[in-house]
Amino acid sequence: MRPADILTLTPAGLFCPPGDFHVDPVRPVARALITHGHSDHARAGHGAVLATAETLGIMGVRYGEAFAGSTQIATYGEPIALGPVRVTFVPAGHVLGSAQIIIEAGPTRIVVSGDYKRAPDPTCRAFEPVSCDVFITEATFGLPVFRHPAPGAEIAKLLQSVALFPEQAHLVGAYPLGKAQRLIALIRETGYERPIYVHGAMERLTDYYVAQSVQLGDIRLVRAEGRAALGGAIVICPPGALQDLWARRFPDPVAAFASGWMRVRARARQRGVELPLVVSDHADWDDLCTTIVETGAEEVWVTHGQEDALVHWCLLNGIKARPLHMLGYGDEDATEAPPAASGQAGGLDSTPAVQVATGRVPGPGRPREGEPSP
């Protein structure tokens, strides 16, 4: 059976005719296989949903327990027969419960990666490369200019800033599912034991992570404390809150932002970010290319992101490839959408020192006038 007979593109997304199911459909369908809980991949209203227990739990937290007509748990590594097709979920390393989906029909094996990363993450199972005939990959950071630094180095920048400016709360913009919990866990790995505060929008998902035995330490809600008393504290909040009235109620806070797009100086300036932290839950250029090679795939389909560059790289390396031009993905977090005309090599930051990145001086100090130098 040809790959195109096993998996085809429809208005609802990728569809497997012999198995009669969609993968991460963008509209309600009869049967959906879901790679992970981000809302651009996991939507409510399907007749039946097959996903890992954690992804089903996350969907229940976000949409209510009646988010689908029925649900079925997929256990990592255990094949499930759907008609003549066999599917197996394996870890993707993206967020808690995230999975790649192996689709096998006869001798042909297709792997749908969903979103994935190869960097270490204490909050979820690590990515597992799978050999296959066709590999379907994202390309969120599919340009050679995107090479993510080690996450530990970015956490060190944050903690250095906290030490330099002990009177200012550090507001760290981070997506509420996955990124927020990963940041907290990475901070804890450094030995930081002080309470970490979270915006109310983080509460339910963070509680779910803790219920799944993810160790996050002492987590407290901002609303339970007087904001004026949070000088020197680390506060995790949704990206949009950085420019909201909510943030302005803190006395002279340091605005930080954790995203792979913080490699783009213009993006940080547009959002008023003083301390950009290049921490991404997506594979960078090197990891995208490495993963493709490790799968041994003869053919690569690129679903969303910087499709053309990755397709070109595959063709140069003798791998058949094509873009799928799928719509409706990558919209989960507005901060993870590429900035218009600003993602060029000349706009990339070179991870400046904290004092340059923040425009502040140690101690009580105030922000300097003007923008930091490019």
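The protection proxy used here, the mean number of other Cβ atoms lying within 10 Å of each residue, ranks peptides 91-102, 195-206, 76-87 as follows, highest first: 91-102, 195-206, 76-87. Each residue, Y63 and T108, gets one label point 7 Å from its Cα in the Cβ direction; the gap between the two is 2.9 nm. Looking only at the chain, where both bridge partners belong to it, what percent of the DSSP beta bridges are antiparallel (to the nearest 5)? About 35 percent, rounded to the nearest 5. Taking 0.36 nm per residue of separation and subtracting the current Cα-Cα distance, fully stretching the chain between A30 and E298 would add 93.4 nm.
Here the calculated FRET efficiency for A150 and S39, from their Cβ-Cβ distance with R0 = 30 Å, stands at 0.55, rounded to the nearest 0.05. In the chain, helices alone account for a calculated mean residue ellipticity at 222 nm of -6500 deg cm²/dmol, with every DSSP H run of four or more residues adding -39,500 (n - 2.57). Of the GluC sites (Glu not before Pro) in segment 235-299, the ones in a loop by DSSP (not H, G, I, E or B) with at most 15 other beta carbons within 10 Å are E298. Taking a ≥ b ≥ c as the square roots of the eigenvalues of the alpha carbon gyration tensor, segment 232-273 is prolate, as a/c is not under 1.5 and a/b beats b/c. The packing ranking, built from the mean of other Cβ atoms within 10 Å per residue, places the peptides 9-16, 33-40, 306-313 in the order 33-40, 306-313, 9-16, highest first. Across segment 284-290, rounded Karplus estimates of 3J(HN,Hα) from the backbone phi angles (6.51 cos²θ - 1.76 cosθ + 1.60, θ = phi - 60°) give 8, 4, 4, 6, 4, 5, 4 Hz, Gly and Pro being marked x.
Applying the criteria of a DSSP loop state and at most 15 other Cβ atoms within 10 Å to the trypsin sites (Lys or Arg not before Pro) of segment 236-283 yields R249. Volume of the convex hull of segment 14-87 (Cα atoms only), normalised per residue: 75 Å³. For the pair E189/T8, report the inter-label distance in nm, with labels modelled 7 Å from Cα in the Cβ direction. Placing both labels 7 Å along Cα→Cβ, they lie 4.4 nm apart. In the chain, Cα pairs under 8 Å separated by at least six residues give a relative contact order of 16 percent. Panel note: the C-alpha atoms of segment 262-318, placed on their principal axes, show extents of 44, 19, 17 Å (largest first). Averaging 1/r across all pairs of distinct Cα atoms in segment 86-221 and inverting the result yields a Kirkwood radius of 16.9 Å. Would you kindly give the portion of the calculated P(r) for the chain that falls above 30 Å, as a percent of all Cα pairs? Tail of P(r) above 30 Å: 39 percent of Cα pairs.
So what's the projected area for segment 184-324, the Cα convex hull averaged over all directions, in nm²? Mean shadow area of the hull around the Cα atoms is 11.3 nm². The coefficient of translational diffusion for segment 91-171, derived via Stokes-Einstein from the alpha carbon Kirkwood radius under 25 °C and 0.890 mPa s, stands at 160 µm²/s.
Under 18 Å from a point 7 Å along the Cα-to-Cβ line of L159: which residues of segment 214-240 have their amide N that close? Residues 215-219, 232-236 fall inside that zone. Under the rule a/c < 1.5 gives rounded, and otherwise a/b versus b/c splits prolate from oblate, where does segment 155-236 land using the Cα gyration tensor? Oblate is the answer for segment 155-236, as a/c is 1.5 or above yet b/c matches or exceeds a/b.
Spatial offset of segment 244-317 relative to segment 195-223 amounts to 25 Å, using the alpha carbon center of each.
Our compactness index for segment 48-145, the C-alpha radius of gyration over the empirical 2.2 N^0.38 Å, is 1.14.
Every number here is computed from the coordinates shown, using simple stated rules; none is lab data. Keep in mind the model is a prediction, meaning the values are calculated, not measured. Reconstructed Cβ throughout: ideal geometry from the backbone, glycine too, with neighbour counts over all protein chains shown.
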